[in-house]
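Shown next, in C-alpha cells, is the structure this report addresses.
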Amino acid sequence: MTRLPMMAGNWKMNNTISEAVVLTQELSYQLEHDWDDVEVVLCPPYTDLKPVLTVLDYDKSAVKVAAQNVFWEEKGAFTGEISVRMIKEIGCAYSIVGHSERREIFEESDESVNKKVKALVAAGLGAIVCVGESLFVRDEGIALMFVEGQLRAAFAGLEPNDAAKCVVAYEPIWAIGTGRTATPEQAEEVCAMLRETIAHMFGGACAEEMRILYGGSMNTGNVDMLLAMPNIDGGLVGGASLEAASFSQLVKACRK
Ligand code: PGA
C-alpha cells in the first residue's frame with residue numbers, strides 16, 4: 001500500500017494575521033491547484049486559523065489547516081484553552097499534539113497527550129502526534145526505548161480505526177531549530193520502530209496506513225534523502241515553512 005505523503009508547516013508563534021494572509025496567498029499561488037498526491041497542512045497560531053482558511057477557501061485550495069495544540073475538555077472554566085469543537089467548527093482537520101516545545105516549556109505529560117489524542121479522534125479529527133528524544137537520551141543509547149514509550153502512551157486505549165486517523169511525527173529535540181538534522185539512517189531507524197510498534201498495538205493494516213513524518217531542521221537541501229527512506233512519509237517543518245518558496249519546494253519534493 002502506498003501512503004499519501006504529508007507535508008505540514010508548523011508556524012509556531014509566528015505571523016500576525018496580516019503576515020499570515022500574505023504567506024498563505026504566496027503559498028497558494030506557488031502550489032499548483034490540481035494535485036492529489038500529497039496532503040499539505042498549515043499549522044498557524046489560533047489567531048491566524050480563520051484568516052488562513054478564508055484565503056484557502058477563496059482560492060479553492062486543497063491545503064488543509066491544523067491547530068498547534070488543543071485542550072481535551074469540551075467546555076467550561078479553562079481560561080486560555082481552546083476546545084476540539086472550536087477548532088473543528090473553524091475548519092481544522094487536525095491538531096498537533098505533544099510537540100516537544102509543549103512538553104518541555106509547558107510541561108505537558110504523556111497522559112495529557114493521550115487525552116488530547118482521544119478527544120480529537122472522538123470528534124472525527126486527526127492528531128499529529130509528536131514524539132522525539134533529547135540529546136541526553138540519545139547519548140545514553142536509549143532513544144528507541146524512550147520514543148517507543150512516548151508513542152505507546154500517546155495511543156493508549158485507542159481503537160485501531162481511531163489510531164488510523166492519526167499521524168506520527170518523529171522529531172528529535174536536538175534537531176529542532178538547530179540546523180542539525182538527523183541523518184536519514186538515524187531517522188529511518190526510529191520511524192521503522194514506530195511503525196512496528198503501531199503494528200503490535202493496532203495490527204499490520206493500521207501500521208501500513210499510518211503516516212510517519214520526520215521533523216527537525218528539514219529543508220530543501222535534505223528533504224529528498226529523508227523522503228527516500230521507506231518509513232518516512234513526509235515532514236513536519238518549522239523554520240522552512242515560514243517562507244512560501246522553501247515550503248512549496250518541500251511540498252514538491254513529496255510529489256516525486
Ligand atoms: P524546525 O522545527 O523545522 O524549525 O526544526 C520543526 C518542528 O519543531 O516541528
Inset, instruction - For K12, enumerate residues with amide H under 5 Å from its amide H, sequence gap 5+ or separate chain, H modeled in the peptide plane. - result: none
Inset, instruction - For V167, list long-range residues whose amide hydrogen, built 1.01 Å from N in the peptide plane, is under 5 Å from its own amide hydrogen. - result: A127, I128, V129
Legend entry - Projected-area average for the chain over all orientations - Cα convex hull basis, square nanometres: 12.7
Legend entry - Global geometry of the range 1-126, whether rounded, prolate or oblate, following the gyration tensor of its Cα atoms and the 1.5 cut on a/c: prolate
Inset, instruction - Determine the calculated [θ] at 222 nm for the chain from helices alone, applying -39500 (n - 2.57) to every DSSP H run no shorter than 4 residues and normalising by the residue count; nearest 500 deg cm²/dmol. - result: -13000 deg cm²/dmol
Inset, instruction - Hand me the chymotrypsin sites (Phe, Trp or Tyr not before Pro) from the range 37-111 located in a DSSP loop with no more than 15 other Cβ atoms within 10 Å, in residue order please. - result: F78, F106
Inset, instruction - Run the dipole for the range 90-210 about the Cα centre, Lys and Arg Cβ at +1, Asp and Glu Cβ at -1, nothing else charged, and hand back the magnitude in debye, nearest 20. - result: 400
Legend entry - Spatially proximal lysines relative to K116 (Cα-Cα < 16 Å; intrachain offsets below 8 disregarded): K75, K88, K165
Inset, instruction - With θ set to phi - 60°, apply the Karplus curve 6.51 cos²θ - 1.76 cosθ + 1.60 along the range 114-124 and write out the HN-Hα couplings as whole Hz, x wherever there is a Gly or Pro. - result: 4, 5, 5, 4, 4, 5, 5, 5, 4, 8, x
Legend entry - Most fluctuating residue given options V129, V55, V147, as computed from a GNM of the chain linking Cα atoms under 10 Å: V55
Inset, instruction - Only loop residues by DSSP count here, and only those with at most 12 other Cβ atoms within 10 Å; note down the GluC sites (Glu not before Pro) in the range 104-141 that meet that. - result: E107, E140
Legend entry - Within the range 69-112, trypsin sites (Lys or Arg not before Pro) in DSSP loop having at most 12 other beta-carbon neighbours inside 10 Å: K75
Inset, instruction - Note down the nm distance, to one decimal, between modelled labels 7 Å out along Cα→Cβ at F78 and at K50. - result: 2.1
Legend entry - Residue-by-residue Karplus 3J(HN,Hα) for the range 229-239, coefficients 6.51, -1.76, 1.60, Hz, glycine and proline x: 6, x, 9, 10, 9, x, x, 10, 10, x, x
Legend entry - Full-extension gain in nm, A192 to V21, via 0.36 nm per residue minus C-alpha separation: 57.8 nm
Inset, instruction - Express in whole angstrom the spacing between the alpha-carbon centres of the range 47-68 and the range 94-110. - result: 23
Inset, instruction - Take every Cα pair under 8 Å in the chain that's 6+ residues apart, average their separations, divide by the length, and report that relative contact order as a whole percent. - result: 22
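Any read-out appearing in this document is the output of simple, stated calculations on the displayed coordinates, not a laboratory observation. All values reported here derive from a predicted model rather than from experimental measurement. Please note: Cβ atoms are built from the backbone with ideal geometry, for glycine as well, and neighbour counts cover all protein chains shown.
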